[in-house]
Amino acid sequence: MKDEMKSEYDFTRGVRGKFYRPGAKLHLPVYLGEQLQNDLSAAAERKGTSLNELVNDLLNKEVAHAKPEGIR
């Protein structure tokens with residue numbers, strides 16, 4: 001099969017850290033279910049905010065609520 005991995009790979013010409021960027025931030029894509037996205041988009045519109053801000057606010061509240069007392 002064409003997509004199978006080889007048993008060995010030659011990295012002799014490889015460059016360590018070629019794509020490493022100190023301080024780079026990783027932005028993870030998050031995919032919402034269609035109905036949830038529709039509901040949250042409507043809620044954001046009613047509140048006059050963006051979907052991104054609404055979801056971040058909701059997640060921040062949930063994470064703060066889920067942490068044991070005294071941990072911040």
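Quick note: the coordinates plus some simple rules give every number you see, no bench work behind them. None of these values were measured; they are calculated from a predicted model. FYI the Cβ positions are ideal-geometry reconstructions off the backbone, even for glycines, and counts take in every protein chain you see.
Show that you can apply the helix-only estimate: for the chain, add -39,500 (n - 2.57) for every DSSP H stretch of four or more residues, divide by all residues, and state [θ] at 222 nm to the nearest 500.
Working: 2 runs with 30 residues, N = 72.
Counting only the DSSP helices, I get -13500 deg cm²/dmol.
Each residue of segment 19-32 was assigned a 3J(HN,Hα) from its phi angle through the Karplus curve 6.51 cos²θ - 1.76 cosθ + 1.60 (θ = phi - 60°); the sequence is 9, 6, 10, x, x, 5, 9, 9, 10, 7, x, 10, 10, 9 Hz, with glycine and proline shown as x. Computed from point charges on the beta carbon alone (+1 for Lys and Arg, -1 for Asp and Glu), the dipole magnitude for the chain about its Cα centre is near 500 Debye.
Principal-axis analysis of the Cα atoms of the chain puts helix 51-66 at an angle of about 90° to the longest axis. Restricting the calculation to alpha carbons of the chain gives Rg and Dmax of 21.3, 58 angstrom.
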